[in-house]
1. Treating the angle as unsigned and between 0 and 90°, give the value, to the nearest 10°, between the Cα long axis of helix 177-186 and the longest Cα principal axis of the chain.
2. Distance in nm between label sites at Lys272 and Arg114, each 7 Å beyond Cα in the beta-carbon direction?
3. Give me, ordered by chain and number, the residues 5 or more places off Phe105 or on other chains with an amide H under 5 Å from its own placed amide H.
4. Would you mind ranking Tyr84, Tyr174 by Cβ crowding within 10 Å, fewest neighbours first?
5. Could you pull out every one of the lysines with an alpha carbon less than 16 Å from that of Lys5, ignoring same-chain neighbours closer than 8 positions?
6. Compute the separation of the alpha-carbon centres of segment 125-152 and segment 97-120 and state it in Å as a whole number.
7. Hand me the GluC sites (Glu not before Pro) from segment 190-253 located in a DSSP loop with no more than 13 other Cβ atoms within 10 Å, in residue order please.
8. Would you kindly calculate the translational diffusion coefficient of segment 1-138, applying Stokes-Einstein with the Kirkwood radius from alpha carbon pairs, for 10 °C and a viscosity of 1.306 mPa s, and quote it in µm² s⁻¹ without decimals?
Amino acid sequence: MDQAKRWRDRVAAQVSRVFRGDPRAVDWILTALLAGGHVLLEDVPGVGKTLLAKALAQTLGGEFSRVQGTPDLLPSDLLGFSVYRPQDGTFEFRSGPVETFLLLFDEINRASPRTQSALLQAMGEGEVSRDGRVVALPDPFLVLATENPVEFEGTFPLPEAQKDRFLLTFRIGYPTRDQEESILTDLPFSRRGVDVEVVSSPEEVRTLRALVPEVHADSKVRDYVLDLARATRNETAFRLGLSPRGSQALFTGAKALALIRGRNWVLPDDVKELFLPVAGGRVSLTPGAAARGLETGAVLSDLLERLPTPALVRP
């Protein structure tokens, strides 16, 4: 299992050359990648979301595509479209940006619901339907979407089915004072490219992904995941609790996180670390709870405090 930790360390070392922020953001995106999931970053502009995505794609050695969400963006702009060739009377298909290793969808909530839903099949099944046939996407395939949580004019909130396709939803947050000082002193304000080296490949990602099912999870860990899921469904402040897909994401994500931390067994702390990023985008407050000023993160944190953490002995 040291192979996965060395991989994580190589990737994180390269990304840290240009991205100065919470190192957990890199760990969590790599966790989603190994778990076969996708990531939604809900944060204000200027904290490095696009830079982080570009650095990861370049470091991992895969193709990178970026789509800017706008109301006039069409599903064909994502999936591809056919172009008529008058010289021979045939149609030529031109692939869309979805056929890539890492797809950055900036401000996904500015795209229309029709365009947003075009990603459902791609994210859930790793394939797209076009011209009457199903086409498999590259493996691995990662969607890294962003949305601004404080600006809602001209946006279309993501439906619950769409949010449930993201394994993790979290904020990068502002850097610490020391991190921001290093941004001022070490990084130029304007740069044409991302100065990182390629230290991995999609083939290596596939190899590491195959190790995730081998990570041991004690029955107490499984019960802990189930108890957390049940607690969200019984919480009166929530009108929508964690779905079965959400509990599966929490369980598989904890295995992947343990793997990149150099362990072949899951700790309850792995589950606790991912609980808010996994559940935060899937649960929903009741109108009454929202009117009282409750916040989703605070309610989830309270659930973690109330639910006993199982004690495990290293296997």
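1. Helix 177-186 and the main axis of the chain meet at about 30 degrees.
2. It is 4.8 nm.
3. Val67, Leu144, Ala145, Thr146
4. Working: Tyr84 9, Tyr174 14.
The order, fewest Cβ neighbours first, is Tyr84, Tyr174.
5. Excluding near neighbours in sequence, the set is Lys255.
6. Centre-to-centre distance over Cα atoms comes out at 6 Å.
7. On the way: sites: Glu197, Glu203, Glu204, Glu214, Glu235; in loops: Glu197, Glu235.
Answer by residue number: Glu197.
8. Working: Rh = 16.7 Å.
This corresponds to a translational diffusion coefficient of 95 µm²/s.
Each reported figure results from applying straightforward, stated rules to the coordinates on display, with no laboratory input. Being a predicted model, the structure only gives us computed values, none of them experimental. Backbone-built Cβ (ideal geometry, glycine too); neighbour counts: all protein chains shown.
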